[in-house]
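Visitor: Quick one: structure below, then a few questions.
The values are calculated or read from the model by the stated rules, or taken from the named source; none is laboratory data. All values reported here derive from a predicted model rather than from experimental measurement. Methodologically, a virtual Cβ is constructed for each residue, glycine included, from the backbone with ideal geometry; neighbour enumeration extends over all protein chains shown. The area values use the complete protein model at the heavy-atom level, side chains included, leaving out ligands, DNA and RNA. Shrake-Rupley method; radii C 1.70, N 1.55, O 1.52, S 1.80 Å.
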Amino acid sequence: RAGGRVVCGGNKPPGPGSFFEPTVVRDVAIDSELWQLETFGPVAGVAAFSDDAEAVRLANEGPAGLAAYVCGELGHAWAVAERLDFGIVGVNEGAVSHAAMPFGGTKESGLGREGGNHGID
């Protein structure tokens, strides 16, 4: 839709089921549904930013806060990750949850925690 360009994926693969190809959309408008809502599917929206402060501001001002991911030189990535308002932040890693670790979102992405001792309370 308006405000982005599909650079790969974006189709339903042949065969039965309700599946969708992994998809990357670039130049996503900050006010678009793709940027503002949590997308539970293999879709990544990408937008440009001028510096770390703008990237953190754009990420944090949205209504959702389940998970975020930062990639780059470790010290720099950690400095950015510590300023993000999300339930879980992956640094140079995509699989960041573990059954023994509490997990939950912030803002409109959940209430409380699941997993670990916090999930029992």
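Visitor: Do any residues in the range 42-56 that are in a loop (DSSP other than H, G, I, E, B) have Cβ atoms under 7 Å from those of residues that are modelled with pLDDT of 90 or more and small (Gly, Ala, Ser), where the two are at least six apart or on different chains, and which pairs are they?
Guide: So the pair list comes out as 49/55.
Visitor: Does residue 81 satisfy the criteria of being under 20 Å from residue 4 (Cα atoms) and either surrounded by 14 or more Cβ atoms within 10 Å (Cβ to Cβ) or modelled with pLDDT of 90 or more (or both)?
Guide: Working: under 20 Å from residue 4 (Cα atoms): no; either surrounded by 14 or more Cβ atoms within 10 Å (Cβ to Cβ) or modelled with pLDDT of 90 or more (or both): yes.
No.
Visitor: For a quick check of your reading of the model, give me the residue pairs whose first member lies in the range 88-115 and is free of Cβ contacts under 8 Å to residues at least 40 places away in the same chain, whose second is of a type in the set (A, V, I, L, M) and loosely packed, with under 13 Cβ neighbours inside 10 Å, with beta-carbon atoms closer than 8 Å and at least 6 apart or on different chains.
Guide: 91/74; 92/74; 104/111; 115/99; 115/100
Okay, residues lined up against (1) modelled with pLDDT of 90 or more; (2) more than 13 Å from the chain's Cα centre (by Cα); (3) not aliphatic (A, V, I, L, M):
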residue: 2; (1), (2), (3): no, yes, no
residue: 21; (1), (2), (3): yes, yes, yes
residue: 29; (1), (2), (3): yes, yes, no
residue: 60; (1), (2), (3): yes, no, yes
residue: 89; (1), (2), (3): yes, no, no
residue: 109; (1), (2), (3): no, no, yes
residue: 113; (1), (2), (3): no, yes, yes
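Visitor: Still on this structure, I have one more. Out of (1) surrounded by 13 or more Cβ atoms within 10 Å (Cβ to Cβ); (2) touching a strand residue (DSSP E or B) at 6+ places or on another chain (Cβ under 7 Å), what's the single condition that is false for residue 42?
Guide: It fails just one condition, (1).
Visitor: Now for a separate question. For residues that are within 24 Å of residue 72 (Cα to Cα), assigned to a loop (DSSP other than H, G, I, E, B) and either open to solvent by 50 Å² or more (accessible area, probe 1.4 Å) or of a type in the set (Ser, Thr, Tyr) (or both), tally how many sit in the range 1-39.
Guide: Residues meeting the conditions: 5.
Visitor: Which numbered condition trips up residue 67, out of (1) touching a helix residue (DSSP H, G or I) at 6+ places or on another chain (Cβ under 9 Å); (2) surrounded by 14 or more Cβ atoms within 10 Å (Cβ to Cβ)?
Guide: Result: residue 67 fails condition (1) only.
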